[in-house]
Amino acid sequence: MADAFELVALALPADTAPESLPATVRQFVAECWPGMSRGQLVARARRLALRPSLRACRASAPGEVALFALTLAVGTQIVSLVAHLRRLASRRASARQRKLAAASRPPARDPRQASLF
């Protein structure tokens, strides 16, 4: 299962001026919010026909912020952004843990039927 990430911030590389961005990229950045998922980020870019590519720059542990290179293609122009994404800790238990937890519980019984036993 893929790890879950949430957006912390979007940034421009040091050599890129904000005024040089195409209007659709500025609209994309304006529509993003902290806390949106990686899937929402990519889907929003696709909806604006930006042809996104999101690649990790370095690995991170759960709870840490990782840097991703977000490349957007606008027509023939390529725009690079830096996406700061927080890797979320896995909250899902393994199948073995779920099976053991379910097996150790007694079945639910109706208290009205106690006199039958």
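The table that follows gives values for the structure above.
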item	result
All positions within the range 11-23 that are in contact with a helix residue (DSSP H, G or I) (Cβ under 9 Å, 6 or more places away or on another chain) and assigned to a helix (DSSP H, G or I)	18
One residue from 58, 26 being among the basic types (Lys, Arg), loosely packed, with under 14 Cβ neighbours inside 10 Å and assigned to a loop (DSSP other than H, G, I, E, B)	58
For residue 46: the one exception among (1) surrounded by 15 or more Cβ atoms within 10 Å (Cβ to Cβ); (2) part of a helix (DSSP H, G or I)	(1)
Some residue of the range 66-75 being at negative phi, at pLDDT below 90 and either surrounded by fewer than 10 Cβ atoms within 10 Å (Cβ to Cβ) or not β-branched (Val, Ile, Thr) (or both)	yes
Criterion (more than 18 Å from the chain's Cα centre (by Cα) and among the aliphatic types (A, V, I, L, M)) met by exactly one of 74, 29	74
Output for the range 1-23, where each listed residue is under 15 Å from residue 70 (Cα atoms), exposed (fewer than 11 other Cβ atoms within 10 Å of the Cβ) and aliphatic (A, V, I, L, M)	14
Any hit, the range 11-27, residues being on the phi < 0 side of the Ramachandran plot, in contact with a Pro (Cβ under 9 Å, 6 or more places away or on another chain) and modelled with pLDDT of 85 or more	yes
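The values are calculated or read from the model by the stated rules, or taken from the named source; none is laboratory data. Everything numeric in this text was worked out from a predicted model, so none of it was measured. Virtual Cβ from ideal backbone geometry, glycine too; neighbours counted across all protein chains shown.
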